[in-house]
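What follows is one structure encoded as structure tokens, with my remarks underneath.
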Amino acid sequence: MAEAVTEALTEHRHLVVQAGTGTGKSLAYLVPALLHDKRVVVATATLALQHQLVERDIPRLVEAVSEVHPEVDTSYAVLKGRSNYACLHRVREGAPDDDQGALVELPQSTLGKKVLELRAWAEEEAEHGGSGERDRAPRHTDREWRQVSVSHRDCLGASRCPFGEECFVEVAREQAHRSHLIVTNHSLLAIDAIEGVPMIPDYDVVVVDEAHEVVARVTQAATDELLASDVDRAARRSRRYVESDSADLSPADDLADAGDALGAAIGECRPGRFDEVPEMLADALVLVRDAARACLSAYPKETDSGEPDAGRTQARGSVQEVFVTAERMAVRSESDVLWLSEGGDRIPPRLCVAPLEVWGPMRDKLMTDKTVVMTSATLMLGGDFDAIATSVGLRPTERVDTTTGDPAAPGGDERDALPWAGLDVGSPFDYGQQAILYVARHLPPPGRDGLGEAQLAEIASLVDAADGRTLGLFSSRRAAEAAAEAIRERLPHLTTLAQGEAQLPELARQFVGDPHTCLFGTLSLWQGLDVPGDTCQLVLIDRIPFPRPDDPLMSARQRAADREGRNGFMQVAATHAALLLAQGTGRLIRTTTDRGVVAILDPRLATARYGSFLKASLPPMWTTYDGDLVRQALKRLAHAEQHTA
């Protein structure tokens with residue numbers, strides 16, 4: 001892999017690499033990255049991997065390289081979005097917003113105490129040259145963190161802020177400008193490269209680790225939301241700053257009225273995707289857009305002299321955000337999908353807009369200008385790289401022949417062909433010997449009503465055979481809770497945990513601490529849990545994780561593919577399911593000594609035409625439909641672990 005990455009960087013050719021858990025893929029791209037003659041950016045999807053790179057892998061590698069090649073530039077830096085750092089102006093001067101009064105009036109409240117603690121921490125970070133990063137702060141909630149941080153729209157700017165020279169963000173950026181290697185996240189990469197907001201110093205190469213997540217993260221970065229309360233808050237903040245041309249309503253009042261109209265229009269709409277935007281909602285969006293534009297124009301021009309007004313900056317930033325989002329929604333571009341979320345307990349429905357596809361912007365604004373290396377343990381879906389290549393703007397026909405190094409004959413116009421190479425470096429694990437894939441073919445297909453008695457009985461028998469040691473991955477919170485309740489009733493001697501009963505790190509600690517434990521949960525467990533050893537010998541998956549039929553974005557993408565003559569189900573729904581299945585089954589084998597069973601309780605994996613595509617996306621485990629054989633294997637494993645202990 002290191003040789004392939006080096007060749008890709010030298011030849012300025014994209015590379016897609018599947019590298020299983022335990023292959024050392026971070027070193028395989030970090031070594032060529034450090035030796036490359038221009039700046040390299042490494043983008044991750046999770047904080048956990050970012051920490052691993054910055055706190056373990058890169059320092060050890062820098063030490064090793066410096067001993068052998070002292071002339072190599074081994075400087076590196078971490079770069080995150082502005083809201084991930086404490087703001088010293090906010091800490092020292094405050095800013096008027098909805099929560100500020102709580103701090104003034106109730107200094108002994110839980111909120112007040114926590115914010116005072118965060119302020120003290122930020123001052124200590126500033127005094128001792130710390131980074132001021134959120135993940136290094138004392139434990140806190142999102143609401144508490146907002147009292148000591150700002151978004152990019154609320155920032156005064158380094159030149160106008162009295163604390164600009166100390167600013168944690170500016171210090172991080174200065175360090176990044178001086179560094180050869182920059183570690184960041186997918187979202188910041190998307191904002192910089194695709195949204196066109198300069199966040200990262202100029203670079204030559206980007207390595208996208210956890211690349212199976214990149215399309216979702218780019219989509220997320222390009223998604224905007226709008227609530228009537230956002231409009232009302234922007235109007236309230238503006239009243240003290242905007243200028244009125246007459247004795248009538250001020251532009252801030254007009255904006256508030258537009259927010260009321262939006263709230264009324266939303267109240268008349270059903271949740272879901274809008275193929276045709278209702279007239280009342282369309283009119284309200286135009287009203288909000290125009291009122292926000294007028295409100296922005298009414299703000300007096302800021303002069304360079306005098307003390308900067310943080311409240312004014314924050315108020316104007318909120319109006320600007322409302323304007324940009326309302327304008328995007330009002331345009332009703334065919335390249336966007338607009339929908340109304342369902343809302344929930346104390347969460348009002350909100351309008352959302354997201355790009356129908358991101359492969360075009362990724363191709364035009366990232367893949368065309370930079371050399372991109374993409375890697376993950378799960379990139380070959382259905383047995384090849386075509387799905388991931390298509391999703392990021394690389395055509396399957398543009399692949400490079402890895403034996404000759406020559407581009408394959410590109411389809412379409414050769415002027416925009418982007419040659420790329422695909423490489424599967426394999427795995428250090430012997431899946432055929434270490435793992436069994438059990439498909440419960442005898443069970444009825446899953447229905448809309450959740451888990452039936454047949455599924456619950458199957459789960460109980462497998463968990464009993466494993467004597468706990470079970471990670472249950474479910475398609476919904478309701479299914480996970482139903483399974484947990486059933487196991488508690490039928491197997492009370494085991495400890496059964498369900499996601500939501502405590503924070504995920506705490507649940508993971510309990511799961512690891514006692515082998516006679518089951519942990520049942522949903523999506524964040526499918527992708528984010530690493531529990532090597534005998535703690536996890538059975539991974540249960542209740543059903544093939546297709547996107548919900550009413551998912552507004554996925555259903556729109558599937559329909560668009562069908563309109564273009566492609567198979568929307570296979571390219572969108574089946575690809576989504578294959579990726580999650582690969583991630584979920586990957587929770588089982590984490591070291592060369594792990595053993596166990598992946599049990600999929602959805603018979604469609606064995607009976608449906610698309611089953612072979614999904615199965616080809618999974619590690620090459622030994623497969624069976626024999627439940628009795630699997631239960632015997634689980635009992636032997638559990639007995640062996642008890643005997644060893």
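The values are calculated or read from the model by the stated rules, or taken from the named source; none is laboratory data. A quick note: this is a predicted structure, and the numbers were derived from the prediction, not measured. Reconstructed Cβ throughout: ideal geometry from the backbone, glycine too, with neighbour counts over all protein chains shown. Quick note on the areas: whole protein, heavy atoms, side chains included, nothing else; ligands and nucleic acids left out. Shrake-Rupley method; radii C 1.70, N 1.55, O 1.52, S 1.80 Å.
Assorted remarks:
- Filter result for the condition that a residue is open to solvent by 70 Å² or more (accessible area, probe 1.4 Å) and either at pLDDT 95 or above or not hydrophobic (A, V, I, L, M, F, W, C) (or both), over 309, 290, 260, 336: 260
- If you filter the range 144-169 down to residues that are surrounded by fewer than 19 Cβ atoms within 10 Å (Cβ to Cβ) and at pLDDT below 85, you find that the one that is farthest from residue 90 (Cα to Cα) is 159.
- When the test is whether a residue is in a helix (DSSP H, G or I), open to solvent by 30 Å² or more (accessible area, probe 1.4 Å) and modelled with pLDDT of 95 or more, residue 642 does not pass it.
- Just one of (1) open to solvent by less than 30 Å² (accessible area, probe 1.4 Å); (2) touching a residue at least 60 places away in the same chain (Cβ under 8 Å); (3) under 26 Å from residue 318 (Cβ atoms) fails for residue 191. It is (1).
- Taking the criterion of being of a type outside the set (A, V, I, L, M, F, W, C) and either open to solvent by 40 Å² or more (accessible area, probe 1.4 Å) or under 15 Å from residue 628 (Cβ atoms) (or both), the residues of the range 446-461 that qualify are 448, 449, 453, 458, 461.
- Any hit, the range 47-60, residues being closer than 27 Å to residue 387 by Cβ, among the hydrophobic types (A, V, I, L, M, F, W, C) and at pLDDT 90 or above: yes
- Residue identified as under 27 Å from residue 373 (Cβ atoms) and either modelled with pLDDT under 90 or in contact with a helix residue (DSSP H, G or I) (Cβ under 8 Å, 6 or more places away or on another chain) (or both) among 77, 95, 102, 64: 77
- Meets criteria (surrounded by 17 or more Cβ atoms within 10 Å (Cβ to Cβ), closer than 21 Å to residue 313 by Cβ, touching a residue at least 24 places away in the same chain (Cβ under 8 Å) and in contact with a Ser or Thr (Cβ under 9 Å, 6 or more places away or on another chain)) for residue 86: yes
- Top-ranked residue of the range 342-362 - restricted to ones that are touching a residue at least 40 places away in the same chain (Cβ under 8 Å) and surrounded by fewer than 17 Cβ atoms within 10 Å (Cβ to Cβ), ranked as nearest to residue 427 (Cα to Cα): 356
- Condition check for residue 495: touching an Asp or Glu at 6+ places or on another chain (Cβ under 9 Å) and of a type in the set (Ser, Thr, Tyr): yes
- Qualifying residue in the range 462-484 (condition: in a strand (DSSP E or B), over 30 Å from residue 571 (Cβ atoms) and open to solvent by 40 Å² or more (accessible area, probe 1.4 Å)): no
- Counted residues, the range 567-592 - those being among the β-branched types (Val, Ile, Thr) and either free of Cβ contacts under 8 Å to residues at least 24 places away in the same chain or farther than 30 Å from residue 464 by Cα (or both): 2
- When 490, 557 are screened for being open to solvent by less than 50 Å² (accessible area, probe 1.4 Å) and basic (Lys, Arg), only 557 passes.
- For residue 461: the one exception among (1) of a type in the set (Ser, Thr, Tyr); (2) within 30 Å of residue 388 (Cα to Cα); (3) at pLDDT 95 or above: (2)
- For the range 541-552, filtered to residues that are surrounded by fewer than 20 Cβ atoms within 10 Å (Cβ to Cβ) and in contact (Cβ under 8 Å) with a residue 60 or more places away in the chain, the residue that is farthest from the chain's Cα centre (by Cα) is 550.
- A search for C-beta distances below 7 Å between a residue of the range 135-153 that is under 20 Å from residue 50 (Cβ atoms) and any residue that is in a loop (DSSP other than H, G, I, E, B) and open to solvent by less than 20 Å² (accessible area, probe 1.4 Å), counting only pairs 6+ apart in sequence or on different chains, returns 149/86.
- Restricting the range 316-367 to residues that are within 22 Å of the chain's Cα centre (by Cα) and of a type in the set (Ser, Thr, Tyr), the residue that is nearest to residue 239 (Cα to Cα): 325
- Residues that are assigned to a helix (DSSP H, G or I), of a type in the set (A, V, I, L, M) and closer than 30 Å to residue 258 by Cβ within the range 191-228 comprise 191, 221, 228, listed in sequence order.
- For residue 118: the one exception among (1) over 24 Å from the mean Cα position of the chain (by Cα); (2) closer than 30 Å to residue 319 by Cβ; (3) free of Cβ contacts under 8 Å to residues at least 12 places away in the same chain: (3)
- Which listed residue, of 60, 13, is surrounded by 16 or more Cβ atoms within 10 Å (Cβ to Cβ), farther than 25 Å from residue 526 by Cβ and among the charged types (D, E, K, R): 13
- Here residue 437 qualifies as open to solvent by less than 10 Å² (accessible area, probe 1.4 Å) and either over 30 Å from residue 28 (Cβ atoms) or at pLDDT 95 or above (or both).
- Residues in the range 67-83 that are open to solvent by 50 Å² or more (accessible area, probe 1.4 Å) and either in contact with a Ser or Thr (Cβ under 8 Å, 6 or more places away or on another chain) or free of Cβ contacts under 8 Å to residues at least 40 places away in the same chain (or both): 67, 68, 69, 70, 71, 76, 83.
- Counted residues, the range 363-389 - those being buried (at least 20 other Cβ atoms within 10 Å of the Cβ) and either free of Cβ contacts under 8 Å to residues at least 12 places away in the same chain or assigned to a helix (DSSP H, G or I) (or both): 5
- Residue count for the range 580-605, restricted to those that are open to solvent by 30 Å² or more (accessible area, probe 1.4 Å), modelled with pLDDT of 95 or more and not charged (D, E, K, R): 0
- One residue from 313, 375 being among the β-branched types (Val, Ile, Thr) and within 16 Å of residue 156 (Cα to Cα): 313
- Residues that are assigned to a loop (DSSP other than H, G, I, E, B) and under 17 Å from residue 280 (Cα atoms) within the range 330-348 comprise just one, 332.
- Residue 505 vs. criteria outside any loop (DSSP other than H, G, I, E, B) and farther than 24 Å from residue 608 by Cβ: yes
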